[in-house]
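Undergrad: Here's a structure for you.
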């Protein structure tokens, strides 16, 4: 197997359904209970944090931005070279943070981690505002790259500070998210809406499946594979039940839209099975892609 560096760190986090995520095949969604509405109010900022995290871990995210900058190798670069700087601004991240702080926030450790992260990202944003133009306009050719070389250590430090802060943020987010997700699943189950519950529970299982593999070493770890196989078996069972509920909706309303959550999670487990037979990195990637597509379809 040939896994590129970072290939296992691409699974995003699904948002909380009770906090306003879209449902597919709407004729089966029903009306939210008072309990669900209360949960939505409490979880709004958490979904904003999840959106921030997903954007920062994307292929155009924080670590990618740092790699892009390091690739220029400014200490050894020459003014005669063509130097392209991605100049990240994290516009979407800042917009989600602005939404998060509008309401009451009730997770002090996570909130503090988010606040610190944004301060660190502000420093990178300021660097981008100044040096994006410097490199884009090739102004570095007029000063023999002196400004770029003089500021290289500062820019690197800003990225490293942000990555350290982001690590703390993700740690806090994971703890809060896992607790909130279990509470949400129970609330949906208690609502009596089987279709909605199976949709949410299948997402939960798919998330557990892709998160079994945290490093390339896990791919060949017998215990990890055993754990993933067990989760995949449970996911397959729930997807079968999920599909049965969806077919009931289609029988009542043939015009009901395609359930993209179901479709994408079927793709996820399909490629997990293919991966278990082939051990190909491409099948593993397609499994992650299926899960990520399911997450995005529920926004």
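Laboratory data are not the source of any read-out in this text; all were calculated from the coordinates shown. These figures come from a predicted structure and were not determined experimentally. Heads up, the Cβs are rebuilt from the backbone with ideal geometry, glycines too, and the neighbour counts pull from every protein chain shown.
Undergrad: Label residue 247 and residue 101 with points 7 Å out from Cα along Cα→Cβ: what is the distance between them in nm?
TA: 5.2
Undergrad: While we're looking at this one, here's another question. Sum -39500 (n - 2.57) across every DSSP H segment of at least 4 residues in the chain, then divide by the residue count to get the 222 nm mean residue ellipticity, nearest 500.
TA: Computed mean residue ellipticity for the chain: -24000 deg cm²/dmol.
Undergrad: Hey, rough spin-label estimate for residue 274 and residue 168, points 7 angstrom out along Cα→Cβ, what's it come to in nanometres?
TA: Once both label points are built, they end up 4.2 nm from each other.
Undergrad: If you don't mind, there's one more thing I want to ask. Could you state the number of Å between the C-alpha centres of the range 137-205 and the range 240-271?
TA: Distance between centres, Cα-based: 30 Å.
Undergrad: For the range 156-251, just say rounded, prolate or oblate: build the C-alpha gyration tensor, square-root its eigenvalues into a ≥ b ≥ c, call rounded for a/c under 1.5, and beyond that prolate if a/b exceeds b/c, oblate if not.
TA: Taking the square roots of the gyration eigenvalues as a ≥ b ≥ c, the range 156-251 is oblate.
Undergrad: Same structure, new question: Just want to confirm a number: the relative contact order over the range 44-191, from Cα pairs under 8 angstrom separated by 6+ residues, in percent.
TA: So the answer I get is 31 percent.
Undergrad: Can you give me the angle between helix 34-56 and the longest principal axis of the chain, using Cα atoms only, in degrees from 0 to 90, rounded to the nearest 10?
TA: 40
Undergrad: Here's something else I'd like to know. With a ≥ b ≥ c the root eigenvalues of the C-alpha gyration tensor of the chain, is it rounded (a/c under 1.5), prolate (a/b larger than b/c) or oblate?
TA: Prolate, since a/c reaches 1.5 and a/b exceeds b/c.
Undergrad: Mind pulling the angle between the C-alpha long axis of helix 194-211 and the longest principal axis of the chain? Nearest 10 degrees, somewhere in 0 to 90.
TA: 40
Undergrad: Using a Gaussian network model of the chain with C-alpha springs under 10 Å, which one of 228, 87, 139 is most mobile by mean-square fluctuation?
TA: 139
Undergrad: Taking only C-alpha pairs under 8 Å that are 6+ residues apart, what is the relative contact order of the range 158-299 in percent?
TA: 21
Undergrad: Obtain the nm distance between the two label points defined at residue 123 and residue 208 by a simple spin-label model: each point lies 7 Å from its Cα along the Cα-to-C-beta direction.
TA: For the pair residue 123/residue 208, the computed spacing is 4.0 nm.
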